[in-house]
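Nothing in this text is a laboratory measurement; each read-out follows from the coordinates by a stated rule. As the structure is a computational prediction, the values presented were derived from the model and not from experiment. No Cβ is skipped: glycine too gets one built from the backbone with ideal geometry, and neighbour counts run over all protein chains shown.
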Amino acid sequence: VTSPIAPNSVVRRGDVLWRATLNGVLIRPPGADEVVKLAGTGLALWAELEQPTHFSDLCASLAAGHRADPNQIAADLMPVIVDLVERAVMAVSP
Amino acid sequence: MVDAWLNVLAGYGLPGTLAPTGLPTSSSELVFAASKHKLIGVLAGAIADETITLPPDDFEQVARAHEGTMREALLLEEVLLEALDVLDRAGIDARVLKGTALAHMVHPDPSERCFGDNDILVSPRDVDPALEALGKAGAFRTMPPLSATYDRRFAKSVTLRWTGPTELDLHRTLAAGPYGLLINLGDLFRDPAEVLLAGRAVRTLPADLHLLHGAVHVALGDVDARLGNVRDLALLSQRDSIDFDEMIATAEQWQCAAPVALGLRRTAALGHARTQIEMWADDYVVSEVDKKRLDAYAERSGRFRRQAFASWQVLGWRDRMAFTRALLVPNAANRAARGRTRRSQLGRVRPG
C-alpha cells in the first residue's frame, strides 16, 4: 500500500479522553470541541493501537480478525488513520 | 420487580451474586430507572459481556442512553483537567472526589460509571483562593456566600458553573451538617492516590478515604441513595489493599463511624458475599448521640434547618456565633438571590 503512513507505526495518543460504548468508542482529543466516534470495528482498531503498531501489521491483524483481504483493509483504513492523525486522536512515528 | 432487578444489576460481577437476566419491564422504563440510579453503564457492560441479550430496538435504546452519559463524562473530564490546571497554577493542592476518580480507580471499566458533575476537594485555607482562581478562569457560583467566612469555615462545598453546562462542586469537606464539620480535614490530604486522565496523573483520595466518603455519602447524601453509589461502596469493600481496622479507627476519630456503618449496610441489597468491613457495619450499634445527629439527614422536608441546628451543637463557641450569624443574617447578595428580605430570613431559621 502506498501512503505517507504505510511504513510507519500508528498509536493512539495518550493525551485523549475516551470511553468504550456498545457501538464503538468515543474519543475527546485535547482542546477539541467535538467528540470523535469510532463506530463498529472502531473499537477493535482502538484496542489494536494501544501500543505502537506498524500499519501493515495492523492491517494484517484486522484482516485476520474479520477474515478479510489485508489489501482491502489497508485501502479502507488508510483515510481513516490519516483523518484520525489530523484530528489528534492518533499519532504516527517512524 | 424493577427495584429487585436493579439491585441485581447493581451487584453485577460482585462475588456471590446472580447475573441479571432479561428485562423486567420495557426498555424505556428500565433505561429511565437505570439512569436515575447511575447504572446505565453497568447495564451496558452486562450487555457488552453478553450476560444480557436484548432485541435490536432495546439494544439501541440502551446504547443511545449510555453513549449520551459517556459524552457527558468526557466533557466533564476535560473540564476537570482545566479546573485542576487553574488550581495548580494558583499553587492549590486539590483532590478529585467521587465519580471521575472512582470511574478510573474502582470500576473494572470507566465506561461503567456515570456522573453528572465534577467534585474537587481543597483544604479550608484554600477555599477562597480556589474560588478566586476559578472565578478568574470563568467559573461562577450559583449562589452568593452566606457570609464572608462561611465557605471556608462551615460549608460542605460551593457549587460553580463552569464551561458550558457543567457543574463543579468545590468541596471543603465530605458531608453537609454535623458530620461534615466533625471530619478531620487534614486527614484527607495524606497519602494521595493518583488516577490517569488523558495520560495525566491526577491526585485523588486513597481507597480507604474513598470508602469512608462513599459510605457517608450513601448514608447522609440523598434521602434515597442511588444504587450506583451503593455499588461504588461494594466495589471498594472488595479491595484487599485497604486496612479496614485503620479505616474504622479513622471513622471513629472523626465521630463518623455511625454514618459509615449505615452507608455500608445498604450494600446488603446487592446480594453479594459480605466482606469484613460490611460485616462490621452490620453489627455496628448506633449510639443515642448519633441517632439524634442522623435524624438531621432523615427526611427532605426541613433538612437544611435540622442540619443547621445539629451542626451548631458540634461547633465551638466562637464558631457558633459566626455560624448563627451567617444563617440568621446572610449577606445581602445571598438573600437577594433567594428572594428574601432580612425579616423573612429571620423567620425561616427556627428549630423544628
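Some values worked out for this structure:
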read-out: Helices (runs of 4 or more DSSP H) completely within region A:1-89 that count 3 or more residues being away from chain B (no Cβ under 14 Å), surrounded by 14 or more Cβ atoms within 10 Å (Cβ to Cβ) and within 13 Å of the chain's Cα centre (by Cα); value: A:55-66, A:70-86
read-out: Selection status of B:Val8, on the phi < 0 side of the Ramachandran plot and within 14 Å of chain A (Cβ to nearest Cβ); value: no
read-out: Test: B:Asp49 is within 14 Å of chain A (Cβ to nearest Cβ) and out of contact with any helix residue (DSSP H, G or I) (no Cβ under 7 Å at 6 or more places or on another chain); value: yes
read-out: Count - residues of region B:1-21 that are of a type in the set (S, T, N, Q) and either more than 14 Å from B:Gly228 (Cβ to Cβ) or in contact with a Lys or Arg (Cβ under 9 Å, 6 or more places away or on another chain) (or both); value: 2
read-out: Among (1) in contact (Cβ under 8 Å) with a residue 40 or more places away in the chain; (2) within 14 Å of another protein chain (Cβ to nearest Cβ) - the single one B:Leu54 does not satisfy; value: (1)
read-out: Residues within region B:100-144 that are more than 18 Å from the chain's Cα centre (by Cα) and closer than 26 Å to B:Gln238 by Cβ, tallied; value: 3
read-out: Answer from B:Val286, B:Val260 - the residue that is under 21 Å from B:Leu227 (Cα atoms), of a type in the set (A, V, I, L, M) and touching a residue at least 12 places away in the same chain (Cβ under 8 Å); value: B:Val260
read-out: Out of B:Ala19, B:Ala10, B:Ala4, B:Ala33, sole residue that is buried (at least 19 other Cβ atoms within 10 Å of the Cβ), without any contact (Cβ under 8 Å) to a residue 40 or more places away in the chain and within 22 Å of B:Ala234 (Cα to Cα); value: B:Ala33
read-out: For B:Arg64: the one exception among (1) outside any loop (DSSP other than H, G, I, E, B); (2) crowded, with 18+ Cβ neighbours inside 10 Å; value: (2)
read-out: Unique residue being without any contact (Cβ under 8 Å) to a residue 40 or more places away in the chain and crowded, with 16+ Cβ neighbours inside 10 Å when the list is B:Pro129, B:Pro145, B:Pro110; value: B:Pro110
